[in-house]
Amino acid sequence: EGELKQVSVRDSIASVLMILGHRLQDRIQVTTSFGETDHIECYASLLNQAVMNLLANAIDAIDERGSIEISTSAESGTFEISIADSGSGIPEALRERVFDPFFTTKPIGQGTGLGLSIAYSIIEKHGGKLELLERNGGGTQAVIRLPLPSTG
């Protein structure tokens, strides 16, 4: 999809959750909290793919039961999407390498090591930044920061 267009982030996240719903089943509780700003200009299918990759990794990180919190906010010219899971977390020693193509911590045959690399590239294409942070209480928080057009 080669053109930027106005997209409802709330609708995008809802469609990704619908696609991945079978993997959540009854074992993972998802909560969402959307800020007032909802529409952003983006490459819609690419942003969906990045969110899907991050959400799929969050699901993979949770062994038995757990939770995923998805939130959005906008301030100081930046739109933020946060996906926080209660999974096993990423050891600090590996956190810098997870965006490298073909790097994976998953067993052989269970991951290509491309999901986070692709997500990172997509967010960069939008002029944004993707970070993986340690979450208080365990787990990982993926934070997408995208620039908002300046008004005025």
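The values are calculated or read from the model by the stated rules, or taken from the named source; none is laboratory data. Remember, predicted model here, so these are calculated numbers, not experimental data. Because the Cβ atoms are built from the backbone with ideal geometry, glycine has one as well, and the counts that use them run over all protein chains shown. Only protein heavy atoms, including side chains, enter the accessible area calculation; ligands, DNA and RNA are left aside. Shrake-Rupley method; radii C 1.70, N 1.55, O 1.52, S 1.80 Å.
Taking packing as the residue-averaged number of other Cβ atoms within 10 angstrom, the listed peptides 30-36, 75-81 run from highest to lowest as 75-81, 30-36.
Label sites at Arg27 and Asp11, each approximated as a point 7 angstrom past Cα along Cα to Cβ, lie 3.3 nm apart.
If packing is taken as the mean number of other Cβ atoms within 10 Å per residue, what is the order of 59-68, 139-148, highest first? The partial results should precede the final answer.
Numbers: 59-68: 15.4, 139-148: 19.3.
In descending order of packing, they fall as 139-148, 59-68.
Compute the separation of the alpha-carbon centres of segment 56-80 and segment 1-23 and state it in Å as a whole number. Taking the Cα centre of segment 1-23 as reference, the centre of segment 56-80 is 14 Å away.
The helix-only estimate of mean residue ellipticity at 222 nm for the chain, built from DSSP H runs of length n ≥ 4 each weighted as -39500 (n - 2.57), is -10000 deg cm²/dmol after division by the residue total.
Per residue, the chain exposes 57 Å² of solvent-accessible protein surface, assessed with a 1.4 angstrom probe and all protein chains in place.
Rounded to the nearest whole Hz, the Karplus-based 3J(HN,Hα) values (6.51 cos²θ - 1.76 cosθ + 1.60, θ = phi - 60°) of segment 23-38 follow the sequence 7, 7, 6, 9, 8, 10, 8, 10, 10, 10, 9, 9, x, 5, 6, 10, with x at glycine and proline. Dividing the C-alpha radius of gyration of the chain by 2.2 N^0.38 Å, with N its residue count, gives 1.01. Using C-alpha pairs below 8 Å separated by at least 6 residues, the relative contact order for the chain is 23 percent. Only protein atoms count toward the accessible area here, which uses a 1.4 Å probe; on segment 1-64, the carbon and sulfur part of that area reaches 46 percent.
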